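Notes for the one structure printed next.
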Amino acid sequence: MKQFLEGADAIARTVALCRPGVISAYPITPQTHIVENLADLIAQGKLQCQFVNVESEHSAASCVLGASAAGVRAYTSTSSQGLLLMAEVLFNIAGIRLPVVLCCVNRAVSAPINIWNDQQDIMAVRDAGMVQLFAESVQESCDLHLQAFKIGEDPDIMLPVVVNIDGFTLSHGFEAVEFPEQSAVDVFLPAYRAPYKLDVNNPMTLGPLCGPEYYLEQRYAIQETLNREVMAKVQKVADEFTAAFGRKAFGLLEEYRMEDAETVLLSFGSLCGTLKEAADALRAKGRKVGVVRLVTYRPFPKEALVRALAKAKDVLVFEKCISLGADGPVYTEVTSALYGAGAKVAVNGYVCGLGGRDVALDEILAAVDARERVSAKFMNVKQENLGSFI
């Protein structure tokens, strides 16, 4: 069944199909419509779920932590400063191994105050131990939510999963979205059965004090789970989703026109639509250009990426984030993966679209034409106003 809906509304309806037991969130632009729509579904009796109003994002994260620790399927969403206020609790959720699903509606962080889209918010907490998925479209935003619960709740994984969507572009954009039947979702995503939980009849401690003699082992266990179980599970769930609903899910990454590509444009999120348009335009001129879109960012799919870029001579990484004082974080990790595997390929990094600035097709084409050996080049910057910033 297809409906023409705002992204936030479509995501809320998809989350409802997942039958969460507890939802908690605090309003922040541009995330608010998701939980507003969920609260409305609960008020109408269309979703049997407890919605908990709280006074901050820190409290919202704490609430879903407690719900998940009690064995309940839990969900929240946030953006920007709200995500950063959650940061302490997100590390706790991952450290206690709780499969909370969170939607981050990516937005620039202050100061200066900016409510538009880039991915600097989620990059600030990329090391918390959460699985991270990035959507290109409203449809994929919905589809990844279904997959997120199934990935995180696997007894061999038990980690939080973040579905990242571009603020306004996807949260407020309208798109024809296909929804599965509830019965099909129930088969794909059965009721959650927590392998461990807080229970007065079977007491246990979650998240206790841990000294130096064990802390390293705990972090190592999360690292191993992400790089082994999660890496395999993400692709397995994507394949199961494709089989169950007849709609392609990509898992770790998507390859577009990569059959003989020598120049590869790489990014994640909705920006990849522009990159695909650029690849089409350059292909029409006889140039061997393709696109690799990261769907999974944590764990970082090193091996899959190296395979996808095996024939590439030039890789151009475009990202709406910057690790100030260093380079674009995705550029850094792509370079590390390729050079670590001994790949002989030139990698160029371009920081673009910060604070919601448009990234035009002509800019992408110009970057391809003038690809130079750079670490992290700022695109479309008014340099006369920056002094020594660049």
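The values are calculated or read from the model by the stated rules, or taken from the named source; none is laboratory data. It should be emphasised that the depicted structure is a prediction, and the values quoted were computed from it without experimental measurement. Ideal geometry is used to build each Cβ from the backbone, glycine not excepted, and the neighbour counts take in all protein chains shown.
Results, tabulated for the structure shown:
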read-out	value
Subset tally (residues that are more than 21 Å from ASN92 (Cβ to Cβ) and not in a loop (DSSP other than H, G, I, E, B)) for the range 176-216	10
Some residue of the range 238-246 being closer than 30 Å to ALA108 by Cα and in contact (Cβ under 8 Å) with a residue 60 or more places away in the chain	yes
Residues of the range 27-60 classified as under 18 Å from ALA16 (Cβ atoms) and touching a residue at least 60 places away in the same chain (Cβ under 8 Å), total	3
The range 43-75, residues that are of a type in the set (S, T, N, Q) and in contact with a Pro (Cβ under 7 Å, 6 or more places away or on another chain)	SER68
Filter result for the condition that a residue is basic (Lys, Arg), at pLDDT 95 or above and within 18 Å of TYR297 (Cα to Cα), over ARG219, ARG247, ARG228, ARG257	ARG228
Close pairs (6 angstrom Cβ cut-off, 6 or more residues apart or separate chains): surrounded by fewer than 18 Cβ atoms within 10 Å (Cβ to Cβ) in the range 262-287, part of a helix (DSSP H, G or I) and of a type in the set (A, V, I, L, M, F, W, C) anywhere	GLU277/LEU361
Residue within the range 300-320 that is surrounded by fewer than 19 Cβ atoms within 10 Å (Cβ to Cβ), among the β-branched types (Val, Ile, Thr), in contact with a Leu (Cβ under 9 Å, 6 or more places away or on another chain) and not assigned by TED's automatic domain parsing to the domain that holds GLU178 present	yes
Residue in the range 162-175 that is farther than 30 Å from GLY356 by Cα and either modelled with pLDDT of 95 or more or part of a helix (DSSP H, G or I) (or both) present	no
Residue within the range 232-254 that is of a type in the set (A, V, I, L, M, F, W, C) and more than 28 Å from LEU146 (Cβ to Cβ) present	no
ARG97 among the charged types (D, E, K, R), at positive phi and at pLDDT 95 or above	yes
Hits in the range 321-341 (condition: crowded, with 17+ Cβ neighbours inside 10 Å and either hydrophobic (A, V, I, L, M, F, W, C) or in the same structural domain as ILE157 (by TED's automatic domain parsing) (or both))	CYS321, ILE322, VAL330, VAL334, ALA337, LEU338
Positions within the range 326-341 being over 21 Å from the mean Cα position of the chain (by Cα) and modelled with pLDDT of 95 or more, in sequence order	LEU338
Top-ranked residue of the range 240-285 - restricted to ones that are of a type in the set (Val, Ile, Thr) and not in a helix (DSSP H, G or I), ranked as farthest from GLU178 (Cα to Cα)	THR263
